[in-house]
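Reading through the structure tokens given below for one structure.
Computed from the coordinates by the stated procedures, all read-outs in this text should not be read as laboratory data. Every value quoted in this text rests on a predicted model; they were computed, and no experiment measured them.
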Amino acid sequence: MTERGKNRVVVLSFFLVLWGFFAASLILKDEALSVSERRKLAGFPELSVQSVFSGELAKELEEYLLDQFPARDDFRRLKAHFSLDILRKKENNGIYLVGDGVYKLEYPLNEGQVSLGAQKINDLYDKYLTGMKVYYGVIPDKSYYVAEENKILAMDYAKMREKLSLEIDHTIKEIELFDCLKAEDYYRTDPHWRQENLGQVVARLAGSMGVDLPPLAGYDRSSFAPFYGAYYGQSALSPKPDEIIYLQSETIANSTLYNLEKNRVTPLYTLEAAGGMDAYDLFLSGASAFLVLENKKEPSGRELIIFRDSFASSLAPLLLEGYSKITLIDLRYMDSKLLPQFITFTDQDVLFLYSTLVFNHSAMLR
């Protein structure tokens, strides 16, 4: 074939590919959701004079074309493999692999945000909790256990803990949790810890707060698979999915969950969440501002209040053996000024339990 013929083949191939993708974009139905990325995809923008002249139309059209591009997930996967396997980068879009685990970069330490979190705890203590038994615990994100060994950038965890220890009111007792966990105690494809592996965490909390809790070996186990964690889609690499194991007991089965926002009472586990966008919502129905767990068979009347993030959703059911009531408050979704409308602070135990991921972005706490 002549040089001119080769050039024609290249040009023709280019236009065939170009028109092929254009035709596919017209024929294929737009997707409303990306299951792998756990988010809504952009729809075709509405035309208006205002959107045209403001520039919003061009911006929205670009987002639409990127989200609805044919074979989008395949190209994301190709890019991820190229970055990690060919270019030998340590991460791709903030996601990195260690063994068969998927991790997310959290760097650097935002010292101002950590101070903001400490101040929030102090403000709540001064306003509502003076004289009560108050504790705080920091849940390490799973990168803590692998980043240094694998030469991955990570926040300065020691500095965070030091700042919190210095800046949180010393009347509030710290419960050390970093030595209760290891990388294997977290889901491979998700940031959360595995409920069935929280034995040391439960024992540490029980000992520190003076409550009797049984070992996890006495619980029955149920499971479902596959569980595609939050990092599964973000990685674009189709790693091996997880299995969720959730613990059952007579106490858990006979306890109730009241959701203030939905104004309804349900079991502690939402089994239908197994087929949803985020199967971790099985635990206490997922994100919610104000929840009340009640153990009708605990006669002591002892109560616990947990100011928390999503990690507490799988932990709280394991604390019910020692409490008649556990109230879960998530200040990411509720202004703390509203608390007196829904709870009376008396002689409850109080636990501030946040992950390093939240303390590093404490402005989200209202």
* To do: For Thr266 and Asp347, compute 0.36 nm times the residue count separating them, minus their Cα-Cα distance, and round to one decimal in nm.
  => 26.5 nm
* Taking 0.36 nm per intervening residue step and subtracting the Cα-Cα distance, what contour gain separates Asp212 from Tyr333 on full extension? -> 40.4 nm
* To do: Between the alpha-carbon centers of the stretch 119-139 and the stretch 156-193, tell me the distance in whole angstrom.
  => 16 Å
* Additional length obtainable on full extension of the chain from Met277 to Glu149, 0.36 nm per residue less Cα span -> 42.8 nm
* Across the stretch 278-291, in residue order, what do the Karplus-derived ³J(HN,Hα) couplings come to in whole Hz, using 6.51 cos²θ - 1.76 cosθ + 1.60 with θ = phi - 60° and x for Gly and Pro? -> 10, 5, 5, 5, 3, 7, 6, 6, x, 5, 7, 6, 8, 10
* Long-range HN-HN contacts of Glu298 with modeled amide H, under 5 Å -> none
* Asked: Given H placed on each backbone N at 1.01 Å, which residues far from Tyr354 in sequence or on other chains put an amide H within less than 5 Å of it?
  -> Gly137, Ile139
